[in-house]
1. May I ask which residue of Ala257, Ala210, Val291 lies farthest towards the positive end of the charge dipole of the stretch 202-291, with charges of +1 (Lys, Arg) and -1 (Asp, Glu) on Cβ and the Cα centre as origin?
2. Note the angle between two axes, namely the Cα long axis of helix 174-184 and the longest principal axis of the Cα atoms of the chain, as a number of degrees from 0 to 90, rounded to the nearest 10.
3. If you keep only loop residues by DSSP, which GluC sites (Glu not before Pro) in the stretch 1-105 have at most 16 other Cβ atoms within 10 Å of their Cβ?
4. Which GluC sites (Glu not before Pro) does the stretch 212-311 hold that lie in a coil by DSSP with at most 10 other beta carbons within 10 Å?
5. Under a 5 Å amide H to amide H cut-off, with H placed in plane at 1.01 Å, what residues pair with Ser55 once short-range neighbours are removed?
6. If you build a Gaussian network model of the chain, linking Cα atoms that sit under 10 Å apart, which residue out of Asp75, Asp227, Asp113 swings the most?
7. Dipole magnitude of the stretch 85-178 about its Cα centre, charges +1 at Lys/Arg Cβ and -1 at Asp/Glu Cβ only, in debye to the nearest 20?
8. Taking the Cα centre of the stretch 212-311 as origin, sum charge times position over the Cβ atoms of Lys and Arg (+1) and Asp and Glu (-1), and report the length of that vector in debye to the nearest 20.
Amino acid sequence: MIIDLPDTTVSQVAKKLVSVREEGGAVALGRVLTLVIAARNGVAEAAIDAANDASREHPMRVIVLTTGDGDAHLDAQIRVGGDAGASEVVVLRAYGDAASNAESLVTGLLLPDAPVVAWWPEDAPTDPASSPLGRIAQRRITDAATAPDVRDRLAQLGTTHSPGDTDLAWTRLTHWREQLAAVLDQPPFEPVTAVEVRGAAASPSTALLAGWLGLALDLPVTWAYEDPNEWSEGIKSVRLTRSSGDILLERPEPGTAVLTQPGQPDHDLHLPRRTLRECLAEELRRLDPDVLYGRVITEGWEKLGPPETAA
C-alpha cells in the first residue's frame with residue numbers, strides 16, 4: 001500500500017503513520033532500528049529496494065530524504081505491506097527552504113528507543129559523524145566506490161573517521177578476507193614475506209584490502225591498479241609469498257576465482273561481487289563500532305604507500 005501526502009508537514013506524516021498502524025496496515029512492534037537514507041531522486045529507489053530486501057532480516061522503519069530546488073514545501077509518501085518488505089518506508093521529498101534542516105525533518109519520525117543508522121548511497125558528507133543526519137545516528141554508512149576519485153575519498157574517510165562510521169567498500173571485502181584467513185589457517189604455517197594486491201582503479205576495496213593485509217601481517221604491501229580496459233571492477237588478485245611458494249587467489253573473470261597453492265591442485269571458487277542488499281544487511285547486523293574498519297581506514301591507510309603502475 002502506498003499513501004501519498006503532497007504539500008504536508010512532518011507532524012502530519014507522523015499522525016498518518018499512527019493512523020495506518022491503528023488500521024492494521026503496519027505494525028511498529030518488532031522494528032529493531034530506524035534506517036535513514038539520504039539520496040537524490042536518481043538513486044533513491046535502488047536504495048529503497050535494497051533496504052526492503054534487508055528488512056526481511058532486520059525489520060525496521062526506513063526514512064528516505066531527498067532534496068531539491070523550488071518553492072519551499074514537503075511532499076511525503078508512506079509505503080507499507082508488499083511495497084515495503086518487512087519495513088515501513090517513509091519517503092520525504094523536501095524542496096527549497098523546507099530542505100534546509102535535514103535533522104528536524106527526520107527526528108519526528110524516528111522509532112522511540114531504537115538505534116538509528118544513517119546511509120548515504122552516494123554524495124556522502126566529508127565528515128559523516130558531524131553532519132546533521134550523522135549526529136543522530138549510531139552507525140553511519142557511506143560508499144567510497146561512488147566518489148569520482150576513490151583515493152581522495154579514502155584519505156578523507158581516514159582523516160574524519162569517528163567510531164560508528166563504515167563504508168560499503170569495506171563490506172564488499174568480507175568474502176575475500178574470509179578466504180584469505182582460511183588459507184593462512186592451514187599448514188604449512190610459514191610466515192608471509194611479501195604481499196601483492198591488484199584490482200580495478202575504480203575500486204576503493206583494492207586499497208582497503210591492501211591496508212588490512214598490511215595490518216594483519218605486519219608487512220609492507222605492494223598494490224597496483226589494473227588497466228581499466230582489462231579489468232574494470234573490484235579486486236583482481238592477491239598474492240601471498242612464503243618460503244614454500246606463492247599463494248595466489250585470482251579472478252580470471254568477474255564472479256569466479258581460482259586459488260593456487262604449492263603442492264595442491266587449483267581450486268575454483270565462487271567469488272562474485274556482493275550485491276547492495278547483501279552489504280547493507282551485513283552492516284545492519286552490528287550496531288556497535290567496527291573497530292577493525294576504523295584501524296584499517298586510519299592506521300592501515302597511513303602505512304600504505306602509493307599504488308604501483310600495473311604492468
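The values are calculated or read from the model by the stated rules, or taken from the named source; none is laboratory data. Note that the structure is predicted; figures quoted are calculated from it, not measured. Here the Cβ positions follow ideal geometry from the backbone for every residue, glycine too, while neighbour counts run over all protein chains shown. We work out accessible area using only protein heavy atoms, side chains counted, and drop any ligands, DNA or RNA first. Shrake-Rupley method; radii C 1.70, N 1.55, O 1.52, S 1.80 Å.
1. Of Ala257, Ala210, Val291, it is Val291.
2. 30 degrees
3. Sites meeting the loop and neighbour criteria: Glu23, Glu57.
4. Of the GluC sites (Glu not before Pro), the ones in loops of the stretch 212-311 whose Cβ has at most 10 other Cβ atoms within 10 Å are Glu230.
5. For Ser55, whose amide H was placed from the backbone, the distant partners under 5 Å are Ala86.
6. So, out of Asp75, Asp227, Asp113, the one fluctuating most is Asp113.
7. 160 debye
8. Values: 11 positive and 18 negative charges, 51 e Å.
Roughly 240 debye for the stretch 212-311.
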